[in-house]
Amino acid sequence: MVNNKQEKKEQYAVEMQGITKVFLNTIIANDDISLKIKKGEIHALVGENGAGKSTLMSILFGLYQPTKGLIKINGKEVIISNSIKAGQLGIGMVHQHFKLVDNFTMLQNIMLGHETVVKWEWLDFKKAKKAITSLSEKYKLNVDLHLKVENASVGMQQRVEILKVLYRGADIIVLDEPTAVLTPQEITSLLTIIKELKADGKTIIFISHKLDEVKAIADTITVIRNGKVIDSFLAKKKSINQIAALMVGREVVPIKNLDKTNLGPTLLKIENLYVRKMNSISQSPALNLWHRFKILFKKKKHNANQEYDDLREQALGLENFNLEIKSGEIVAVAGVEGNGQSELIYSLTGLMKASRGKIYFNNKNVTNFSAKKLYHYGLSHIPEDRHKYGLVLDYTVIDNMVLQNIDQYPFAKGGLLRRKAIQFHAQKILNSYDVRGSKSGFAITRGLSGGNQQKAVVGRELMRQHQILIVAQPTRGLDIGAIEYIHKRILEEKTKGNAVLLISYELSEVMTLADRIVVLHSGKTTGIVPAKNIKKQMLGSMMAGQVWENPESKNEVKETKEN
């Protein structure tokens, strides 16, 4: 018979007592935090960007050492000196910012640090691939194991991070914003996976800003604000609105596009746009020739040319895309990730070349212009991947706020930088968008939390002079208060007379902000519908490939025939 004291000692998988973390002797990220997580439960950590959630979990995973406090794992006091020690204690962490080697394959990344070897210490890729494939199939985490990370979508990179933890067999799994880059279908699948992991006896620490997901999956919720624990309670005890109020310290008011702005002239026009898939053979001249040679070697010339043309057609990421966006209008693109959204964004922003078709900015043909030239013609772009296309992480926050216009007045004159003007402009953005931890802009950008990095990018793009805003995943990784603020600022673009193209995998965000919604499936448009009174089910059908027929256009055709 086990006594009560022993039962009490063993019931917690994680105990963090009086954890304080101070950076540079001035920045208090965690302030005397105490947290207890029961074995086999899903414990959610929620709070604003920069509240200290990720820092606390980085301490648990051994990436940081606490300034004060102690940690117990399964009732035993431990010192977690690094991530290797954390792994030995059965702790795994899926980071908000991916920890992947860009020029390694997915398989190499998953194996890295946990390699299996055969005689003479050769890496046993076959055994590892078999184990990883089994996990991938079990949890429906579809990954191309031979694809390099630098060529993979953001969603696939996230799935690889989850596979890494599962491959290492962790019992305590920290998920830091795991659904931030996933599609609705992938989120549903992941939440199912998490429940299965719990059923297997795993302990899950779930950090998320998406309170509907938190309510759906968590047993217990702890709210952190400004580095302190505000409250800890059973998930079923409080509503989403009550949790949101605890997070931000005030009532959160939902934002909705109700503004009937008079539309002006067309600012963005896209005609018959064709774009090759990212990383397809047609994007690489060398591979282009190599594939043609292989086909010619195998077959007669006339057959080879036909097969090569078929191969090129299969490589289309976006096909015959047409769209006009007027001044004062927000048009959103909805669809499951990988159905042409990235190709559309990159071709419009100068990051990829269009194969065919035309792009007009304010009646100016800008097809295949460079990114710099497009900015000159009035473009602002909030990229999907803030690290790859939005920020130089080892620059200061101030420098990142003027990247596109660094050679223009008032930031430069006569080839010399005007530091005071740069600093004034940057700090105006940081104050307006509440970018925390930036030390008035002098902090290195890499040191900011993901949400604060995102707020900095959004602020920079919205506050620079522009007529056309192309925005992808603007609220990825943001808390509910920041989302409210960003949505409000995007809606202000309408009153300023700008044209907005919004790409988001969050259907609620699309339906909240858009005037019209374009749905993509397999690189083709399956419908362009007014956002007012649209149902999620209808959007879901179009996202699955069902073509929407406009009843108004049918009536117009009928009237024309009768006349």
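Looking at 20, 105, can you tell me which residue is in contact (Cβ under 8 Å) with a residue 12 or more places away in the chain and within 18 Å of residue 230 (Cβ to Cβ)? Steps first, please.
On the way: 105 fails: within 18 Å of residue 230 (Cβ to Cβ).
Being in contact (Cβ under 8 Å) with a residue 12 or more places away in the chain and within 18 Å of residue 230 (Cβ to Cβ) holds for just one of 20, 105, which is 20.
Please tell me if residue 534 is hydrophobic (A, V, I, L, M, F, W, C), part of a strand (DSSP E or B) and open to solvent by 10 Å² or more (accessible area, probe 1.4 Å). Spell out the reasoning first.
Details: hydrophobic (A, V, I, L, M, F, W, C): yes; part of a strand (DSSP E or B): no; open to solvent by 10 Å² or more (accessible area, probe 1.4 Å): yes.
In short, no.
What pairs come out if I take residues in the range 120-131 that are in a helix (DSSP H, G or I) and pair them with residues that are of a type outside the set (A, V, I, L, M) and surrounded by fewer than 16 Cβ atoms within 10 Å (Cβ to Cβ) whose C-beta lies under 7 Å away, six or more apart or interchain?
127/116; 128/116
So, in the range 198-224, exactly how many residues are out of contact with any helix residue (DSSP H, G or I) (no Cβ under 9 Å at 6 or more places or on another chain) and assigned to a loop (DSSP other than H, G, I, E, B)?
Count: 2.
Out of the residues in the range 250-300 that are at pLDDT below 80 and in contact with a strand residue (DSSP E or B) (Cβ under 6 Å, 6 or more places away or on another chain), state the one that is least open to solvent (accessible area, probe 1.4 Å).
Ranking the qualifying residues of the range 250-300, first place goes to 282.
Can you report the number of residues in the range 311-331 which are touching an Asp or Glu at 6+ places or on another chain (Cβ under 8 Å) and either buried (at least 19 other Cβ atoms within 10 Å of the Cβ) or in a helix (DSSP H, G or I) (or both)? Write out each step before concluding.
At the first step, the residues of the range 311-331 found to be touching an Asp or Glu at 6+ places or on another chain (Cβ under 8 Å) are 317-318, 322, 329-331.
Narrowing further to those that are either buried (at least 19 other Cβ atoms within 10 Å of the Cβ) or in a helix (DSSP H, G or I) (or both): 317-318, 329-331.
Summing the residues that are touching an Asp or Glu at 6+ places or on another chain (Cβ under 8 Å) and either buried (at least 19 other Cβ atoms within 10 Å of the Cβ) or in a helix (DSSP H, G or I) (or both) in the range 311-331 gives 5.
Return yes or no: is residue 149 touching a residue at least 60 places away in the same chain (Cβ under 8 Å) and under 24 Å from the mean Cα position of the chain (by Cα)? Outline the logic, then answer.
Working: touching a residue at least 60 places away in the same chain (Cβ under 8 Å): no; under 24 Å from the mean Cα position of the chain (by Cα): yes.
For residue 149, the condition - touching a residue at least 60 places away in the same chain (Cβ under 8 Å) and under 24 Å from the mean Cα position of the chain (by Cα) - is not met.
Table: residues versus (1) of a type in the set (D, E, K, R); (2) touching a strand residue (DSSP E or B) at 6+ places or on another chain (Cβ under 9 Å).
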| residue | (1), (2) |
| --- | --- |
| 53 | yes, yes |
| 93 | no, yes |
| 102 | yes, yes |
| 107 | no, no |
| 127 | yes, yes |
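Name every residue in the range 345-378 that is among the hydrophobic types (A, V, I, L, M, F, W, C) and over 23 Å from residue 497 (Cα atoms), in order of residue number.
351, 352, 354, 369
Across the range 136-150, what is the total count of residues that are in a loop (DSSP other than H, G, I, E, B) and among the charged types (D, E, K, R)? Give the derivation first.
As a first pass, look at the range 136-150 and keep what is in a loop (DSSP other than H, G, I, E, B): 140-147.
Filter once more, so that each one left must be among the charged types (D, E, K, R): 140, 144.
Number satisfying all stated conditions: 2.
Could you list, in sequence order, the residues of the range 225-249 that are touching a Leu at 6+ places or on another chain (Cβ under 7 Å), under 27 Å from residue 533 (Cβ atoms) and surrounded by fewer than 18 Cβ atoms within 10 Å (Cβ to Cβ)?
Answer for the range 225-249, where residues must be touching a Leu at 6+ places or on another chain (Cβ under 7 Å), under 27 Å from residue 533 (Cβ atoms) and surrounded by fewer than 18 Cβ atoms within 10 Å (Cβ to Cβ): just 240.
Check whether at least one residue in the range 393-401 is at positive phi and either part of a strand (DSSP E or B) or open to solvent by 40 Å² or more (accessible area, probe 1.4 Å) (or both), and report yes or no.
no
Checking residue 372 against (1) under 30 Å from residue 487 (Cα atoms); (2) modelled with pLDDT of 80 or more; (3) open to solvent by less than 70 Å² (accessible area, probe 1.4 Å), only one condition comes out false. Which one?
Condition (3) is where residue 372 drops out.
Looking at the range 353-364, can you tell me whether even one residue there is modelled with pLDDT under 95, buried (at least 22 other Cβ atoms within 10 Å of the Cβ) and not in a loop (DSSP other than H, G, I, E, B)?
There is no residue in the range 353-364 that is modelled with pLDDT under 95, buried (at least 22 other Cβ atoms within 10 Å of the Cβ) and not in a loop (DSSP other than H, G, I, E, B).
If you go through the range 98-145 one residue at a time, how many are more than 19 Å from residue 87 (Cβ to Cβ), surrounded by fewer than 19 Cβ atoms within 10 Å (Cβ to Cβ), in contact with a helix residue (DSSP H, G or I) (Cβ under 7 Å, 6 or more places away or on another chain) and of a type outside the set (A, V, I, L, M, F, W, C)?
6
Being touching a residue at least 60 places away in the same chain (Cβ under 8 Å) and within 22 Å of residue 273 (Cα to Cα) narrows it down to one residue among 497, 523, 527; which is it?
Details: 497 fails: within 22 Å of residue 273 (Cα to Cα); 527 fails: touching a residue at least 60 places away in the same chain (Cβ under 8 Å).
Exactly one of 497, 523, 527 is touching a residue at least 60 places away in the same chain (Cβ under 8 Å) and within 22 Å of residue 273 (Cα to Cα), namely 523.
Is there any pair with a first residue in the range 252-265 that is more than 19 Å from residue 209 (Cβ to Cβ) and part of a loop (DSSP other than H, G, I, E, B) and a second that is open to solvent by 80 Å² or more (accessible area, probe 1.4 Å) and of a type in the set (Val, Ile, Thr) whose Cβ atoms are under 7 Å apart and which are 6 or more apart or on different chains, and what are they?
259/495; 261/495
With respect to residue 152, determine if the residue is open to solvent by less than 30 Å² (accessible area, probe 1.4 Å), in contact with a helix residue (DSSP H, G or I) (Cβ under 8 Å, 6 or more places away or on another chain) and either at pLDDT below 80 or closer than 23 Å to residue 544 by Cα (or both).
Values: open to solvent by less than 30 Å² (accessible area, probe 1.4 Å): yes; in contact with a helix residue (DSSP H, G or I) (Cβ under 8 Å, 6 or more places away or on another chain): yes; either at pLDDT below 80 or closer than 23 Å to residue 544 by Cα (or both): yes.
Judged against the criteria, residue 152 is a match.
Quick one: which residue in 436, 418 is of a type outside the set (Gly, Ala, Ser) and more than 30 Å from the chain's Cα centre (by Cα)? Before the answer, list the steps.
Values: 436 fails: more than 30 Å from the chain's Cα centre (by Cα).
Selected residue: 418, the only one of 436, 418 that is of a type outside the set (Gly, Ala, Ser) and more than 30 Å from the chain's Cα centre (by Cα).
On the basis of being among the charged types (D, E, K, R) and under 22 Å from residue 446 (Cβ atoms), does residue 150 make the cut?
Details: among the charged types (D, E, K, R): yes; under 22 Å from residue 446 (Cβ atoms): yes.
It is true that residue 150 is among the charged types (D, E, K, R) and under 22 Å from residue 446 (Cβ atoms).
The values are calculated or read from the model by the stated rules, or taken from the named source; none is laboratory data. Everything numeric in this text was worked out from a predicted model, so none of it was measured. Positions of Cβ are backbone-derived with ideal geometry, glycine not excepted, and every protein chain shown enters the neighbour counts. The accessibility values were calculated without ligands, DNA or RNA, using every heavy atom of the protein model including side chains. Shrake-Rupley method; radii C 1.70, N 1.55, O 1.52, S 1.80 Å.
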